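Everything below concerns the one structure shown next.
The values are calculated or read from the model by the stated rules, or taken from the named source; none is laboratory data. Just so you know, these numbers come straight off a predicted model, no measurement behind them. Don't worry about glycine lacking a Cβ; one is built from the backbone with ideal geometry, like all the others, and counts go over all protein chains shown. The accessibility values were calculated without ligands, DNA or RNA, using every heavy atom of the protein model including side chains. Shrake-Rupley method; radii C 1.70, N 1.55, O 1.52, S 1.80 Å.
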Amino acid sequence: MKRVVVTGMGCVTPVGNDPETMFKNLCDGKSGLKLIDDTYVPYIKPAVVGEPDYTPPTKITGADTIVYYVVEAARQAIADAKLDPRGDDTGVYIGNGAGGVDTIEAGYRAVILKEKKLNPLTILGMMSSSTASAISIEMGITGPVFA
């Protein structure tokens, strides 16, 4: 059996955008859910969501919202571990079932509802590997990248 060692932690969640805040808020029973109006999700009225309160410092071309969250969490984890991930000795492995839901939603609106033109980067934002790829690119990691 191979061992896994957690060397650093990071997170962007509805209850905190760093591990310490998240843990404290969870222990205090704070909810990250909020009621949203019908302009966000017009076909679900009203809707309750858990969404991080996070604004990315820079934009990544064609990136879905989820990419910003995972890149920030990776930055925190790397800083916490005090490691330099650059090069091919480091890999990125992420478990996720789909790419960006915001991109999938926008694609649905463009193709099915014909509300606007389809963004040419839609497929890239929908791919489950978009999160792992973004971490690799942003961190200078040239080792294996899997999602």
Query - Residues with amide H under 5 Å from that of M127, placed H, sequence gap 5 or more - result: G100
**Report entry** Partners for K24 among lysines (Cα-Cα distance below 28 Å; same-chain residues under 8 apart left out)
**Finding:** K34, K82
**Report entry** Projected area averaged over orientations for the chain, convex hull of C-alpha atoms, nm²
**Finding:** 11.0
Query raised in the report: If you add up the charges near A77, with Lys and Arg at +1 and Asp and Glu at -1, over every other residue whose beta carbon is less than 14 angstrom from its beta carbon, what do you get?
Result: -4
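Given an 8 Å cut-off on Cα distances and at least 6 residues of separation, report the relative contact order of the chain as a percent.
Values: 225 pairs, mean separation 36.7, N = 147.
It rounds to 25 percent for the chain.
Which residues make up the longest stretch of the chain clear of chymotrypsin sites (Phe, Trp or Tyr not before Pro) that lie in a DSSP loop with no more than 12 other Cβ atoms within 10 Å, not counting the sites? Working shown, then result.
Details: sites that count: Y40, Y43.
Segment 44-147 is the longest.
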Report summary line: Whole-Hz Karplus couplings 3J(HN,Hα) for segment 88-105, θ = phi - 60° and coefficients 6.51, -1.76, 1.60, Gly and Pro as x, run 9, 7, 10, x, 10, 10, 10, x, 8, x, 7, x, x, 5, 4, 5, 4, 4
Query raised in the report: Short version: ³J(HN,Hα) in whole Hz for each residue of segment 50-63, in order, from phi by Karplus 6.51 cos²θ - 1.76 cosθ + 1.60 (θ = phi - 60°), x for Gly and Pro, what are they?
Result: x, 9, x, 8, 9, 10, x, x, 9, 9, 10, 3, x, 7
Query raised in the report: Once amide H atoms are placed 1.01 Å from N in the peptide plane, what residues at a sequence separation of 5 or more from A47, or on another chain, have their amide H within under 5 Å of its amide H?
Result: I36
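At 1.4 Å probe size, put T122, T21, T7 in order of accessible surface, largest to smallest. Before the final figure, lay out each step's value.
Working: T122 15, T21 55, T7 85 Å².
Output order, biggest surface exposure first: T7, T21, T122.
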Query raised in the report: Which translational diffusion coefficient, to the nearest whole µm²/s, is obtained for segment 56-129 from the Stokes-Einstein equation, given a Kirkwood hydrodynamic radius over C-alpha pairs, 25 °C and 0.890 mPa s?
Result: 174
Report summary line: Which residues qualify? For G16, with a placed amide H closer than 5 Å and at least 5 residues away or on another chain, they are none
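If the chain between D28 and V6 were fully stretched, how many nm would it gain, using 0.36 nm times the residue separation less the Cα-Cα distance?
Working: separation 22, 0.36 × 22 = 7.92 nm, distance 2.49 nm.
5.4 nm is the gain from fully extending D28 to V6.
Based on the Cβ-Cβ distance of L118 and L35, what FRET efficiency does E = 1/(1 + (r/R0)^6) give at R0 = 25 Å, to the nearest 0.05?
Working: r = 31 Å, r/R0 = 1.24.
The formula returns an efficiency of 0.20 here.
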Requested in this report: Note down the accessible area of L33, probe 1.4 Å, to the nearest 10 Å².
Outcome: 110
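Ordering I36, I66 from largest to smallest accessible area (1.4 angstrom probe), what's the sequence? Numbers along the way, then the final one.
Numbers: I36 25, I66 60 Å².
Ranking I36, I66 by accessible area, largest first, yields I66, I36.
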Report summary line: From DSSP H assignment alone, runs of 4+ in the chain each adding -39500 (n - 2.57), the sum over residues rounded to the nearest 500 puts [θ] at 222 nm at -10500 deg cm²/dmol
Query raised in the report: For I60 and L83, what is the calculated FRET efficiency with R₀ set at 30 Å and r taken between the beta-carbons, to the nearest 0.05?
Result: 0.85
**Report entry** Eligible lysines near K117 by straight Cα distance, threshold 25 Å, same-chain separation 8 or greater
**Finding:** K59
